[in-house]
Amino acid sequence: MNFKPVQILSIGKSVPETIITNDDLTKILDTSDEWISTRTGIKQRHIASGDENSTTFGVNAAKDALNKSGLNGEEIDLIVVATSNPYNIYPSTGCAIQDAIGAKNAIAFDITVACTGMLYALEIGRHFINSGKYKNVLLVATDTNSKFLDWTDRASCVLFGDGAGAMILTEAKDGVDDIVALNVNADGSKGAFITMNLVGENCPLVEPAVLGQHKIAMVGKEVYKFVVQTMPESIMKCLEDAKMEPKDIDYLVPHQANLRIIEGLQNRLEFTNDQVIVDIDKYGNTSAASVPIALADALETGKIKTPSTAILCAFGAGMAWGSAVVRLREGLK
Ligand code: ACO
(Lines give C-alpha, C1' and ligand atoms only; values in the text may rest on other atoms or scores of the structure.)
Protein backbone atom coordinates (compact mmCIF):
# COMPACT_ATOMS: atom_id res chain seq x y z
CA MET A 1 0.00 0.00 0.00
CA ASN A 2 1.32 3.44 -0.96
CA PHE A 3 0.92 5.97 1.87
CA LYS A 4 -1.17 8.93 0.69
CA PRO A 5 -0.54 12.20 2.56
CA VAL A 6 -3.37 14.49 3.70
CA GLN A 7 -4.06 18.14 2.87
CA ILE A 8 -6.37 20.18 5.10
CA LEU A 9 -8.47 21.90 2.44
CA SER A 10 -10.92 24.05 4.38
CA ILE A 11 -12.51 24.79 7.75
CA GLY A 12 -16.14 25.77 8.36
CA LYS A 13 -18.32 26.77 11.26
CA SER A 14 -21.87 27.61 12.25
CA VAL A 15 -23.24 28.87 15.55
CA PRO A 16 -26.78 29.81 16.63
CA GLU A 17 -27.71 33.47 16.34
CA THR A 18 -29.15 33.67 19.86
CA ILE A 19 -26.64 34.86 22.46
CA ILE A 20 -27.12 34.32 26.19
CA THR A 21 -24.81 36.44 28.38
CA ASN A 22 -23.70 35.69 31.92
CA ASP A 23 -25.98 38.47 33.10
CA ASP A 24 -28.92 36.78 31.32
CA LEU A 25 -28.21 33.63 33.36
CA THR A 26 -28.59 35.53 36.63
CA LYS A 27 -32.33 35.69 35.81
CA ILE A 28 -32.64 31.90 36.29
CA LEU A 29 -29.65 31.01 38.51
CA ASP A 30 -27.92 32.18 41.69
CA THR A 31 -24.75 33.18 39.82
CA SER A 32 -22.90 36.27 38.57
CA ASP A 33 -20.89 37.48 35.58
CA GLU A 34 -17.97 37.92 37.99
CA TRP A 35 -18.02 34.24 39.16
CA ILE A 36 -18.42 32.78 35.67
CA SER A 37 -15.85 34.99 33.94
CA THR A 38 -13.14 34.76 36.60
CA ARG A 39 -13.47 30.95 37.04
CA THR A 40 -13.90 30.06 33.36
CA GLY A 41 -13.27 33.02 31.00
CA ILE A 42 -16.80 32.70 29.58
CA LYS A 43 -18.79 35.92 28.99
CA GLN A 44 -21.55 34.61 26.71
CA ARG A 45 -22.57 31.55 24.69
CA HIS A 46 -24.63 30.94 21.52
CA ILE A 47 -27.71 28.82 22.24
CA ALA A 48 -30.08 26.90 19.93
CA SER A 49 -33.59 28.28 19.84
CA GLY A 50 -36.90 26.92 18.50
CA ASP A 51 -36.37 23.93 16.19
CA GLU A 52 -32.62 24.48 15.75
CA ASN A 53 -30.62 21.37 16.61
CA SER A 54 -27.29 19.60 16.01
CA THR A 55 -28.26 18.79 12.42
CA THR A 56 -29.06 22.46 11.67
CA PHE A 57 -25.59 23.67 12.66
CA GLY A 58 -23.81 20.57 11.32
CA VAL A 59 -25.33 21.12 7.86
CA ASN A 60 -24.43 24.83 7.89
CA ALA A 61 -20.84 24.20 8.98
CA ALA A 62 -20.49 21.48 6.32
CA LYS A 63 -21.79 23.88 3.64
CA ASP A 64 -19.38 26.58 4.82
CA ALA A 65 -16.41 24.19 4.57
CA LEU A 66 -17.60 22.87 1.20
CA ASN A 67 -17.93 26.40 -0.26
CA LYS A 68 -14.41 27.26 0.89
CA SER A 69 -12.94 23.98 -0.44
CA GLY A 70 -13.88 24.40 -4.11
CA LEU A 71 -15.30 20.86 -4.11
CA ASN A 72 -18.93 19.98 -4.73
CA GLY A 73 -20.95 17.58 -2.60
CA GLU A 74 -20.69 14.72 -5.11
CA GLU A 75 -16.89 14.72 -4.77
CA ILE A 76 -17.02 13.86 -1.05
CA ASP A 77 -16.33 10.16 -0.37
CA LEU A 78 -16.64 9.95 3.42
CA ILE A 79 -18.50 11.96 6.08
CA VAL A 80 -17.65 11.47 9.75
CA VAL A 81 -19.75 13.42 12.25
CA ALA A 82 -18.69 13.79 15.88
CA THR A 83 -21.71 14.54 18.06
CA SER A 84 -22.78 13.69 21.59
CA ASN A 85 -26.25 15.13 21.31
CA PRO A 86 -27.59 14.38 17.83
CA TYR A 87 -31.15 15.34 16.89
CA ASN A 88 -31.74 11.69 15.98
CA ILE A 89 -29.80 8.60 16.96
CA TYR A 90 -30.92 7.38 13.54
CA PRO A 91 -30.95 8.35 10.78
CA SER A 92 -27.47 9.50 11.74
CA THR A 93 -26.48 13.16 11.59
CA GLY A 94 -23.92 12.04 8.98
CA CYS A 95 -26.70 10.77 6.71
CA ALA A 96 -28.71 13.99 7.21
CA ILE A 97 -25.66 16.06 6.23
CA GLN A 98 -24.93 13.78 3.26
CA ASP A 99 -28.43 14.47 1.94
CA ALA A 100 -28.34 18.22 2.66
CA ILE A 101 -25.09 18.82 0.76
CA GLY A 102 -25.82 16.41 -2.11
CA ALA A 103 -22.91 14.10 -1.22
CA LYS A 104 -24.62 11.15 -2.86
CA ASN A 105 -21.36 9.23 -3.38
CA ALA A 106 -20.27 9.43 0.26
CA ILE A 107 -20.66 6.96 3.09
CA ALA A 108 -21.62 8.68 6.35
CA PHE A 109 -21.69 7.85 10.04
CA ASP A 110 -21.51 9.40 13.52
CA ILE A 111 -19.05 8.95 16.36
CA THR A 112 -19.51 9.90 20.02
CA VAL A 113 -16.41 11.05 21.87
CA ALA A 114 -17.80 14.18 23.58
CA CYS A 115 -15.37 17.12 23.41
CA THR A 116 -12.58 15.09 21.79
CA GLY A 117 -14.79 14.11 18.85
CA MET A 118 -13.09 16.25 16.19
CA LEU A 119 -9.64 14.82 16.96
CA TYR A 120 -10.99 11.26 16.78
CA ALA A 121 -12.77 12.16 13.51
CA LEU A 122 -9.46 13.51 12.18
CA GLU A 123 -7.73 10.26 13.16
CA ILE A 124 -10.37 8.23 11.28
CA GLY A 125 -10.49 10.54 8.25
CA ARG A 126 -6.76 10.79 7.74
CA HIS A 127 -6.29 6.99 7.79
CA PHE A 128 -8.95 6.51 5.10
CA ILE A 129 -6.98 8.96 2.92
CA ASN A 130 -3.57 7.50 3.91
CA SER A 131 -4.75 4.04 2.81
CA GLY A 132 -5.99 5.30 -0.56
CA LYS A 133 -9.55 4.14 0.17
CA TYR A 134 -11.04 7.65 -0.07
CA LYS A 135 -9.83 10.97 -1.57
CA ASN A 136 -12.10 13.65 -0.11
CA VAL A 137 -13.30 13.48 3.49
CA LEU A 138 -15.70 15.79 5.34
CA LEU A 139 -15.43 15.89 9.13
CA VAL A 140 -18.16 17.65 11.10
CA ALA A 141 -18.40 18.23 14.85
CA THR A 142 -21.75 19.45 16.11
CA ASP A 143 -23.25 19.72 19.58
CA THR A 144 -26.28 21.45 21.06
CA ASN A 145 -25.35 20.97 24.70
CA SER A 146 -28.02 23.45 25.82
CA LYS A 147 -30.77 20.86 25.25
CA PHE A 148 -29.18 18.39 27.67
CA LEU A 149 -28.09 20.67 30.48
CA ASP A 150 -29.66 20.75 33.90
CA TRP A 151 -30.56 24.46 33.90
CA THR A 152 -30.89 24.36 37.70
CA ASP A 153 -27.26 23.17 38.16
CA ARG A 154 -25.22 26.38 38.16
CA ALA A 155 -21.95 24.43 38.36
CA SER A 156 -22.43 22.88 34.90
CA CYS A 157 -25.02 24.78 32.82
CA VAL A 158 -23.06 28.05 32.71
CA LEU A 159 -20.12 26.32 30.98
CA PHE A 160 -21.58 25.20 27.67
CA GLY A 161 -22.66 26.66 24.33
CA ASP A 162 -23.90 25.26 21.00
CA GLY A 163 -22.44 25.15 17.50
CA ALA A 164 -20.68 23.17 14.81
CA GLY A 165 -17.34 23.09 13.03
CA ALA A 166 -16.26 21.26 9.89
CA MET A 167 -13.03 20.32 8.14
CA ILE A 168 -12.43 18.96 4.63
CA LEU A 169 -9.42 16.74 3.99
CA THR A 170 -8.11 15.66 0.63
CA GLU A 171 -5.19 13.67 -0.72
CA ALA A 172 -2.16 16.00 -0.89
CA LYS A 173 -0.86 16.07 -4.46
CA ASP A 174 2.53 17.54 -3.45
CA GLY A 175 3.40 14.71 -1.05
CA VAL A 176 3.38 16.96 2.05
CA ASP A 177 1.26 15.62 4.92
CA ASP A 178 -0.56 18.36 6.87
CA ILE A 179 -1.17 15.94 9.76
CA VAL A 180 2.39 15.94 11.10
CA ALA A 181 1.47 13.96 14.22
CA LEU A 182 -1.75 12.96 15.94
CA ASN A 183 -2.50 10.95 19.04
CA VAL A 184 -5.82 10.23 20.68
CA ASN A 185 -6.35 8.47 24.01
CA ALA A 186 -9.09 7.11 26.26
CA ASP A 187 -9.41 6.10 29.92
CA GLY A 188 -12.84 4.60 30.60
CA SER A 189 -12.03 4.11 34.28
CA LYS A 190 -12.65 7.87 34.67
CA GLY A 191 -16.04 7.64 32.96
CA ALA A 192 -17.97 8.92 35.98
CA PHE A 193 -16.32 12.37 35.76
CA ILE A 194 -18.70 13.56 33.01
CA THR A 195 -21.89 11.69 32.16
CA MET A 196 -25.05 11.95 30.10
CA ASN A 197 -27.35 8.90 30.32
CA LEU A 198 -29.62 7.59 27.61
CA VAL A 199 -31.53 4.96 29.56
CA GLY A 200 -34.66 3.71 27.82
CA GLU A 201 -37.62 1.94 29.42
CA ASN A 202 -37.64 -1.85 29.75
CA CYS A 203 -40.25 -4.13 28.17
CA PRO A 204 -43.39 -3.93 30.37
CA LEU A 205 -43.16 -7.70 31.05
CA VAL A 206 -39.88 -7.37 32.99
CA GLU A 207 -38.63 -5.50 36.02
CA PRO A 208 -38.42 -1.74 35.21
CA ALA A 209 -34.98 -0.14 34.90
CA VAL A 210 -33.98 2.83 37.01
CA LEU A 211 -34.53 5.70 34.57
CA GLY A 212 -31.46 7.85 33.96
CA GLN A 213 -31.29 11.62 34.11
CA HIS A 214 -30.91 12.58 30.47
CA LYS A 215 -28.73 15.55 31.44
CA ILE A 216 -25.05 16.46 31.47
CA ALA A 217 -23.49 15.95 34.92
CA MET A 218 -19.88 16.79 35.69
CA VAL A 219 -17.49 16.49 38.64
CA GLY A 220 -15.72 19.69 37.61
CA LYS A 221 -12.83 19.51 40.08
CA GLU A 222 -11.88 15.93 39.10
CA VAL A 223 -12.03 16.84 35.41
CA TYR A 224 -9.80 19.84 36.07
CA LYS A 225 -7.18 17.80 37.98
CA PHE A 226 -7.17 15.06 35.33
CA VAL A 227 -6.83 17.48 32.45
CA VAL A 228 -4.00 19.63 33.84
CA GLN A 229 -1.99 16.40 34.16
CA THR A 230 -2.84 14.59 30.90
CA MET A 231 -3.17 17.44 28.39
CA PRO A 232 0.42 18.77 28.62
CA GLU A 233 1.72 15.16 28.48
CA SER A 234 -0.35 14.52 25.36
CA ILE A 235 0.91 17.69 23.66
CA MET A 236 4.56 16.96 24.51
CA LYS A 237 4.21 13.38 23.20
CA CYS A 238 2.67 14.71 19.99
CA LEU A 239 5.53 17.19 19.54
CA GLU A 240 8.01 14.35 20.13
CA ASP A 241 6.25 12.23 17.46
CA ALA A 242 6.42 15.23 15.11
CA LYS A 243 10.14 15.63 15.95
CA MET A 244 9.37 19.24 16.83
CA GLU A 245 9.68 21.54 19.82
CA PRO A 246 7.30 24.25 21.04
CA LYS A 247 9.45 26.88 19.28
CA ASP A 248 8.67 25.18 15.94
CA ILE A 249 4.93 25.78 16.42
CA ASP A 250 3.13 29.02 15.59
CA TYR A 251 -0.25 28.52 17.28
CA LEU A 252 -2.10 26.56 19.95
CA VAL A 253 -5.78 25.92 19.16
CA PRO A 254 -7.05 24.29 22.37
CA HIS A 255 -10.43 22.94 23.44
CA GLN A 256 -12.26 25.90 24.99
CA ALA A 257 -13.42 24.46 28.34
CA ASN A 258 -11.77 26.75 30.87
CA LEU A 259 -9.45 29.73 30.38
CA ARG A 260 -7.30 28.65 33.35
CA ILE A 261 -6.61 25.29 31.68
CA ILE A 262 -5.69 27.09 28.43
CA GLU A 263 -3.36 29.48 30.29
CA GLY A 264 -1.64 26.49 31.93
CA LEU A 265 -0.93 25.02 28.50
CA GLN A 266 0.27 28.41 27.25
CA ASN A 267 2.76 28.66 30.14
CA ARG A 268 4.02 25.12 29.57
CA LEU A 269 4.64 25.88 25.87
CA GLU A 270 5.99 29.37 26.67
CA PHE A 271 3.70 30.84 24.01
CA THR A 272 2.74 34.52 23.74
CA ASN A 273 -0.93 35.59 23.87
CA ASP A 274 -0.90 36.05 20.09
CA GLN A 275 -0.04 32.37 19.64
CA VAL A 276 -2.94 31.04 21.68
CA ILE A 277 -6.42 31.01 20.15
CA VAL A 278 -9.05 31.86 22.75
CA ASP A 279 -12.74 32.33 21.96
CA ILE A 280 -14.25 30.82 25.14
CA ASP A 281 -15.43 34.33 26.06
CA LYS A 282 -17.73 34.34 22.98
CA TYR A 283 -18.84 30.71 22.67
CA GLY A 284 -18.29 28.85 25.99
CA ASN A 285 -17.57 25.13 25.70
CA THR A 286 -19.12 23.88 22.44
CA SER A 287 -17.85 20.29 23.02
CA ALA A 288 -16.65 18.56 19.84
CA ALA A 289 -17.19 21.76 17.83
CA SER A 290 -14.88 23.79 20.05
CA VAL A 291 -11.56 23.25 18.23
CA PRO A 292 -12.87 23.63 14.64
CA ILE A 293 -14.93 26.72 15.60
CA ALA A 294 -11.81 28.29 17.17
CA LEU A 295 -9.75 27.43 14.09
CA ALA A 296 -12.38 28.76 11.64
CA ASP A 297 -12.82 31.96 13.66
CA ALA A 298 -9.07 32.60 13.92
CA LEU A 299 -8.57 32.07 10.17
CA GLU A 300 -11.53 34.36 9.38
CA THR A 301 -10.36 37.16 11.67
CA GLY A 302 -6.68 36.88 10.64
CA LYS A 303 -5.58 35.93 14.17
CA ILE A 304 -4.03 32.85 12.54
CA LYS A 305 -1.80 33.68 9.59
CA THR A 306 -0.84 31.10 6.99
CA PRO A 307 1.33 29.25 6.15
CA SER A 308 1.86 28.14 9.73
CA THR A 309 1.89 25.23 12.13
CA ALA A 310 -0.54 24.61 14.96
CA ILE A 311 -1.19 22.27 17.87
CA LEU A 312 -4.83 21.23 18.18
CA CYS A 313 -5.84 19.64 21.49
CA ALA A 314 -9.04 18.52 23.19
CA PHE A 315 -10.32 16.56 26.19
CA GLY A 316 -13.63 15.56 27.67
CA ALA A 317 -16.05 12.84 28.71
CA GLY A 318 -14.81 9.28 28.47
CA MET A 319 -12.36 10.44 29.63
CA ALA A 320 -10.94 10.92 26.15
CA TRP A 321 -8.29 13.34 24.96
CA GLY A 322 -5.91 13.97 22.10
CA SER A 323 -3.48 16.31 20.36
CA ALA A 324 -2.38 16.97 16.81
CA VAL A 325 0.40 18.92 15.15
CA VAL A 326 -0.90 20.23 11.82
CA ARG A 327 0.25 22.38 8.94
CA LEU A 328 -2.06 25.22 7.90
CA ARG A 329 -1.27 25.93 4.26
CA GLU A 330 -1.03 29.36 2.67
CA GLY A 331 -4.50 30.69 1.93
CA LEU A 332 -6.33 28.10 4.06
CA LYS A 333 -9.79 29.33 4.99
N1 ACO B 1 -22.07 30.73 40.07
C2 ACO B 1 -21.76 31.01 41.36
N3 ACO B 1 -21.23 30.09 42.18
C4 ACO B 1 -21.01 28.86 41.70
C5 ACO B 1 -21.31 28.49 40.38
C6 ACO B 1 -21.86 29.49 39.54
N7 ACO B 1 -22.18 29.26 38.24
N8 ACO B 1 -20.98 27.21 40.20
C9 ACO B 1 -20.49 26.76 41.35
N10 ACO B 1 -20.51 27.76 42.27
C11 ACO B 1 -20.06 27.71 43.67
C12 ACO B 1 -20.11 26.33 44.25
O13 ACO B 1 -21.40 26.04 44.76
C14 ACO B 1 -19.07 26.44 45.33
O15 ACO B 1 -19.65 27.07 46.43
P16 ACO B 1 -19.32 26.56 47.94
O17 ACO B 1 -17.83 26.76 48.09
O18 ACO B 1 -20.16 27.45 48.78
O19 ACO B 1 -19.72 25.12 47.95
C20 ACO B 1 -18.04 27.38 44.76
O21 ACO B 1 -18.70 28.10 43.71
C22 ACO B 1 -16.82 26.70 44.21
O23 ACO B 1 -17.26 25.64 43.33
P24 ACO B 1 -16.23 24.67 42.67
O25 ACO B 1 -16.98 23.61 41.91
O26 ACO B 1 -15.26 24.23 43.71
O27 ACO B 1 -15.52 25.65 41.65
P28 ACO B 1 -14.21 25.41 40.83
O29 ACO B 1 -13.24 26.48 41.17
O30 ACO B 1 -13.75 23.99 40.85
O31 ACO B 1 -14.68 25.73 39.33
C32 ACO B 1 -15.33 24.66 37.27
C33 ACO B 1 -15.69 24.92 38.72
C34 ACO B 1 -15.28 26.00 36.55
C35 ACO B 1 -16.42 23.79 36.65
C36 ACO B 1 -13.96 23.98 37.19
O37 ACO B 1 -13.92 22.89 38.08
C38 ACO B 1 -13.63 23.46 35.80
O39 ACO B 1 -13.50 24.22 34.86
N40 ACO B 1 -13.46 22.14 35.63
C41 ACO B 1 -13.15 21.57 34.35
C42 ACO B 1 -14.38 21.42 33.54
C43 ACO B 1 -14.01 20.96 32.14
O44 ACO B 1 -12.97 21.28 31.65
N45 ACO B 1 -14.90 20.21 31.47
C46 ACO B 1 -14.56 19.84 30.12
C47 ACO B 1 -15.19 18.71 29.64
S48 ACO B 1 -16.87 18.92 29.28
C49 ACO B 1 -17.35 17.53 28.35
O50 ACO B 1 -16.59 16.70 27.98
C51 ACO B 1 -18.81 17.38 28.01
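The values are calculated or read from the model by the stated rules, or taken from the named source; none is laboratory data. Keep in mind the model is a prediction, meaning the values are calculated, not measured. Cβ placement follows ideal geometry from the backbone for every residue including glycine, while neighbour counts extend to all protein chains displayed.
Among the residues of the stretch 150-167, the one identified as in a strand (DSSP E or B) and either within 10 Å of the ligand (Cβ to nearest atom) or modelled with pLDDT under 95 (or both) is PHE160. The condition (being in contact with a Phe, Trp or Tyr (Cβ under 9 Å, 6 or more places away or on another chain), hydroxyl-bearing (Ser, Thr, Tyr) and within 21 Å of LEU198 (Cβ to Cβ)) is satisfied by just one residue among THR93, THR83: THR93.
Among the residues making up the stretch 101-137, those that are among the polar types (S, T, N, Q) and not in a loop (DSSP other than H, G, I, E, B) are THR116, ASN130, ASN136.
Output the number of the condition that MET1 fails; it satisfies all remaining conditions of (1) modelled with pLDDT under 95; (2) touching a Lys or Arg at 6+ places or on another chain (Cβ under 8 Å). (2) is the only condition that MET1 fails.
Could you tell me whether GLY191 is within 21 Å of the chain's Cα centre (by Cα), farther than 26 Å from ASN60 by Cβ and either in a loop (DSSP other than H, G, I, E, B) or not assigned by TED's automatic domain parsing to the domain that holds THR38 (or both)? Considered against the rule, which asks whether it is within 21 Å of the chain's Cα centre (by Cα), farther than 26 Å from ASN60 by Cβ and either in a loop (DSSP other than H, G, I, E, B) or not assigned by TED's automatic domain parsing to the domain that holds THR38 (or both), GLY191 comes out as yes. Has the stretch 314-330 got at least one residue that is outside the structural domain of VAL81 (by TED's automatic domain parsing), within 16 Å of the ligand (Cβ to nearest atom) and either closer than 23 Å to LYS68 by Cβ or free of Cβ contacts under 8 Å to residues at least 40 places away in the same chain (or both)? Within the stretch 314-330, one or more residues are outside the structural domain of VAL81 (by TED's automatic domain parsing), within 16 Å of the ligand (Cβ to nearest atom) and either closer than 23 Å to LYS68 by Cβ or free of Cβ contacts under 8 Å to residues at least 40 places away in the same chain (or both).
Residue pairs whose Cβ atoms lie under 6 Å apart, sitting 6 or more positions apart in sequence or on different chains, and linking a residue in the stretch 259-273 that is farther than 15 Å from ALA294 by Cβ to a partner that is in a helix (DSSP H, G or I), are GLY264/VAL228; ARG268/PRO232; LEU269/PRO246. If you go through the stretch 274-289 and pick out every residue that is on the phi < 0 side of the Ramachandran plot and in contact (Cβ under 8 Å) with a residue 40 or more places away in the chain, you end up with 9. The set of residues from the stretch 2-56 being free of Cβ contacts under 8 Å to residues at least 60 places away in the same chain and in contact with a Gly (Cβ under 7 Å, 6 or more places away or on another chain) is empty. For the stretch 58-70, check the following and say yes or no: at least one residue is acidic (Asp, Glu), away from the ligand (no atom under 16 Å from the Cβ) and under 27 Å from LEU169 (Cβ atoms). Yes, there is a match, as at least one residue in the stretch 58-70 is acidic (Asp, Glu), away from the ligand (no atom under 16 Å from the Cβ) and under 27 Å from LEU169 (Cβ atoms). Here is the figure for the stretch 182-207: residues that are within 13 Å of the ligand (Cβ to nearest atom) and out of contact with any Phe, Trp or Tyr (no Cβ under 9 Å at 6 or more places or on another chain) total 4. A Cβ distance below 6 Å, combined with a sequence gap of six or more or placement on separate chains, defines the contacts here; from the stretch 168-180, residues that are on the phi > 0 side of the Ramachandran plot reach residues that are surrounded by fewer than 21 Cβ atoms within 10 Å (Cβ to Cβ) in the pairs GLY175/PRO5.
If you go through the stretch 290-309 and keep only what is more than 18 Å from the chain's Cα centre (by Cα) and in contact (Cβ under 8 Å) with a residue 60 or more places away in the chain, you end up with just THR309. With respect to ASP177, determine if the residue is surrounded by 11 or more Cβ atoms within 10 Å (Cβ to Cβ), under 30 Å from ILE101 (Cα atoms) and among the charged types (D, E, K, R). For ASP177, the condition - surrounded by 11 or more Cβ atoms within 10 Å (Cβ to Cβ), under 30 Å from ILE101 (Cα atoms) and among the charged types (D, E, K, R) - is met.
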